[in-house]
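See structure below.
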Amino acid sequence: MKGLELTKDDRVLVMGATGFIGKRLVKELAEKKVNMRLLARTPSRAEKIIPKGADAEIVQGDLTDKKSLEDALKGIHSAFYLVHSMGGKSLLKNTEFAEKDKKAANNFISSADKTGLKRVIYLGGLGEKGKDLSEHLQSRAEVGNILSSGKASATILRAAVIVGAGGASYEMLRYLVERLPIMTCPKWIRTRIQPIAVQDVVLYLAGCLKNPETAGQTFDIGGPDIMTYKSMMEQYAEARGLAKRLIIELPFITPALSAYWVDLVTPIPSGIAHPLIEGMKNEVICMDNRIDDLVPIQKTPFREAVQAAFAEEKSGPGVTGF
């Protein structure tokens, strides 16, 4: 692991710093006194998330621009790759976004190889490999493979549903359960999943940075609870103190129909809802727990994760003033 251990003088690049995971990770890294550089299309947005007293530089750039990437990577020891396109406002844009993600990952690896990056840490999607994997999870896996193909040692974390305010999966769950006392759902409502609290994801990411033994490995990460999508909805309602929800399974409902229904009932556009709903057919549970020996954390139970996420919400169903 020579050369992979982070020293107090090394600087870490965070890509996707203003996103759902990134802004929380920046705060965690600041608390750990990690020197940072944030790559942002709009620097003014990045300025707002930097904690007071943190050693954090901001560089303007984009993953589609190799020149700006190379400039951002100069002098960087490790990088967090937290960039992923879920989709557009319509279903027609999903394939386009997957290709964009592939191009961005290739641009990054090319630039990282030129600048001598030591490590890259990527947050991907949990799911078994195979021909039946959803397009969304296939794209996440492909990006992970590209990031592992360069000279930098890659750490891949694979997570399922991340529970936290602002996350697409959580927000879809929240709006559906809060607004609909009766729901009709596809057969995949019985698929097993292992949701994880967003803060636990952040702790795993930061922990991998601090532990060079995680370099070059892929890890499954999940919370302490294994459940189905149906039981997740039921437990969300219980955690929120809502009346019991009636969930009816209708096998003939297609992913496209479900996506448009979600688009109608929630603020989540069908282009984002579709890859999430399509992924419901794939079981997403941790197949091994090796990371717990290298990055031990106190895992947050699902109901506590829901309560913490709801406490962060500023608007939405059930929030006073919405």
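We did not get these values from a lab; they are worked out from the coordinates using the rules stated. Keep in mind it's a predicted model, so treat the numbers as computed, not measured. Note: ideal-geometry Cβ built from the backbone for every residue, glycine included; neighbour counts use all protein chains shown.
Using Cα-only point scatterers and the Debye equation, what is log10 of I(q)/I(0) for segment 168-309 at each q in 0.17 Å⁻¹, rounded to two decimals?
For the requested q values the scattering log ratios are -0.98.
Over the alpha carbons of segment 1-81, what is the largest minus smallest coordinate on each principal axis, giving the biggest first in Å?
Over segment 1-81, Cα extents along the principal axes are 34, 29, 19 Å.
Multiplying the sequence separation of Asp293 and Ile182 by 0.36 nm and subtracting their Cα-Cα distance, what value in nm do you get? Let's see the in-between values first.
Details: separation 111, 0.36 × 111 = 39.96 nm, distance 4.24 nm.
Result: 35.7 nm gained on full extension.
Take the alpha carbon atoms of segment 194-220, find their center, do the same for segment 288-307, and report the distance between the two centers in whole angstrom.
10
What FRET efficiency comes out for the pair Arg190/Ile285, r = Cβ-Cβ distance, R0 = 22 Å, nearest 0.05? Walk me through the numbers on the way to the answer.
Working: r = 13 Å, r/R0 = 0.61.
For R0 = 22 Å, the calculated efficiency reads 0.95.
Say R0 is 30 Å: what FRET efficiency, to the nearest 0.05, do Phe252 and Glu304 get from their beta-carbon distance? Before the final figure, lay out each step's value.
On the way: r = 36 Å, r/R0 = 1.21.
Between Phe252 and Glu304 the formula returns 0.25.
Grab the DSSP H runs of the chain that are 4 residues or longer, score each as -39,500 (n - 2.57), total them, divide by all residues and round the 222 nm result to the nearest 500 deg cm²/dmol.
Rounded to the nearest 500, the figure is -12000 deg cm²/dmol.
Rg to Rh for the chain: what is it, with Cα atoms only and Rh by Kirkwood? Don't skip to the end; give the middle numbers.
On the way: Rg = 19.4 Å, Rh = 20.2 Å.
Using Cα coordinates only, the ratio equals 0.96.
Helix 94-115 versus the longest principal axis of the chain: what angle, 0 to 90°, nearest 10, using Cα atoms?
20
If you average the alpha carbon positions of segment 228-267 and of segment 36-79, how far apart do those two centres end up, in angstrom?
38
Considering only Cα-Cα distances, which of the following residue pairs are longer than 20 Å: Lys32/Lys210; Lys244/Lys299; Lys103/Lys151? Spell out each step's value before the answer.
Numbers: Lys32/Lys210 10 Å; Lys244/Lys299 27 Å; Lys103/Lys151 18 Å.
Distance filter (> 20 Å) returns Lys244/Lys299.
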